[in-house]
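Single-structure report; data block below.
Just so it is clear, none of the values below were taken in a lab; they were calculated from the coordinates. Bear in mind the structure is a predicted one, so any value in this text is a computation, not a measurement. Neighbour counts are summed over all protein chains in view; Cβ atoms, including those assigned to glycine, are modelled from backbone coordinates with ideal geometry.
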Amino acid sequence: MKILVTGGAGFIGANFIHWVLKNRDWEIINLDKLTYAGNLESLKSIEDDKRYEFAQGDICDTKLVNELMKKVDMVVHFAAESHVDRSILEPGVFVTTNVVGTQVLLQAALENNIKRFHHVSTDEVYGALDLNGGKFNEKTPYDPHSPYSASKASSDLLVRAYGDTYGLDFTITNCSNNYGPYQFPEKMIPLFVANAREDKALPIYGDGKYIRDWLYVDDHCEAIALVLEKGKAQETYCVGGDSEKSIIQMAETILENLGKPKSLMTHVKDRPGHDRRYAIDFSKIQNELGWKPRVTFEEGIEKTIKWNLDNAAWVQNILSGEYKKYYEKQYGGRL
Ligand code: NAD
Ligand code: TYD
């Protein structure tokens, strides 16, 4: 089987490509624009693998997308603008890539008889939970709050519309926060590790009592592979880590691991529209496909911190390049 992976030079996409080449006999074409978040360094160790091919380009490029779809059986769609804070500052590109780009892919999938279009989405489309109340599942109504989550919700609905209207075979996974190697260091865990390593402040948004359900990225990769292989057409599966932690707990875990003082935690201005809590009920994928997270939070966070420390050059390369200018312009006054 040959699959088109979009956004394979990003965090989850790169981990997915490594995972597939190790655990399945599939061939892969990776279509990635290489935005600020795309990094071919993450794929260096497999770039000569005969089962792997890279195509640089935009998912909004109809001609290119059609050419690539002719060569594959299935699509796994990761490519997106993915950072909530950026979506608050620059929402336009989130609509272009996440909504328009997804529609371009769907149309090409339809025209090229793609056997399965798998759309990788987020639990953020469901909005926010109270600190003590329930979990999201596949039936939770959509209630996105940020431009990021609204653009992902729109893309999910377009995928479903292509199924309902044109009979496109699709599956969707709505997953909780991932962590692991190759995550861009504007996201909380790699940013906190990089700052703690250099005795810099860890910016805690607002009161820091915001809960996320953390999932180790390899477990997400396995869930996607199982849904692609055995998931029912036109179905959505919620994927979660069963590891709810607040920002403060995450910061404390990282500081303790690095032997750094809690005084590095610095409360800063909150994110506008900050969702209080995300948590996933993953019983559908567990009951139907036998999936559940394998990596415990303790193991996963230990591995992730170690990866970030062992690959400090990978991280610093990003933090000291173009990203530095962006970060200083946008967040300079925050700490
Ligand atoms: P990321 O920002 O690390 O990577 C995104 C990748 O997409 C980059 O390689 C980038 O170059 C590429 N890309 C962006 N715009 C493109 C375009 N127009 N054409 C082609 N390529 C383009 O994101 P991530 O964290 O790996 O997330 C991947 C997917 O998983 C996204 O769809 C995101 O919504 C979803 N998701 C992420 C998480 C998470 O915790 N990171 C959780 C649930 C779902
Ligand atoms: P993030 O990694 O941006 O993921 P998301 O917003 O998609 O869940 O943020 C995770 C949590 O950490 C979220 O509650 C916001 C918080 N956060 C901070 O407190 N400080 C930071 O510097 C960042 C990037 C995030």
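May I ask for log10 I(q)/I(0) of the stretch 238-309 at q = 0.15, 0.19 Å⁻¹, from a Debye sum over the Cα atoms as equal point scatterers with solvent left out? Values, matching the q order: -0.70, -0.96. When Rg and Dmax are taken over the Cα atoms of the stretch 1-150, they come to 16.2, 50 Å.
Against the 2.2 N^0.38 Å scaling, with N counting residues, where does the chain land? I'd like the Cα-based Rg ratio to two decimal places. Numbers along the way, then the final one.
On the way: Rg = 19.0 Å, N = 335, 2.2 N^0.38 = 20.0 Å.
Against the compact-globule rule of thumb, the ratio is 0.95.
Taking amide H as placed 1.01 Å from N in the peptide plane, N30 has its amide H under 5 Å from the amide H of V5, E53, F54, A55, each at least 5 places away in sequence or on another chain.
For the stretch 71-191, the spread of Cα positions along the three principal axes, ordered from largest to smallest, is 42, 31, 28 Å.
Determine, for each peptide in 102-114, 9-21, the mean count of other beta carbons within 10 angstrom over its residues, then list the peptides with the highest first.
Working: 102-114: 20.5, 9-21: 23.8.
Ranked from most to least packed, the peptides come out as 9-21, 102-114.
For the stretch 231-240, putting each phi into the Karplus relation 6.51 cos²θ - 1.76 cosθ + 1.60 with θ = phi - 60° gives couplings of x, 7, 4, 6, 10, 10, 10, 8, 10, x Hz, in residue order, rounded to whole numbers and with x for Gly and Pro. Annotation for K303 and Y327: the two label points, set 7 Å from Cα along the Cα-Cβ direction, are 2.5 nm apart. Dividing the mean sequence gap of close Cα pairs (under 8 Å, 6+ apart) by how many residues the chain holds gives a relative contact order of 18 percent. Here the peptides 201-212, 38-49 are ranked by packing, the mean other Cβ count within 10 Å, and the order with the highest first is 201-212, 38-49.
If every alpha-carbon in the stretch 185-293 counts as one equal scatterer, what log10 I(q)/I(0) does Debye give at q = 0.13, 0.14, 0.16, 0.17 1/Å? The calculated log intensity ratios at q = 0.13, 0.14, 0.16, 0.17 Å⁻¹ are -0.60, -0.67, -0.79, -0.85.
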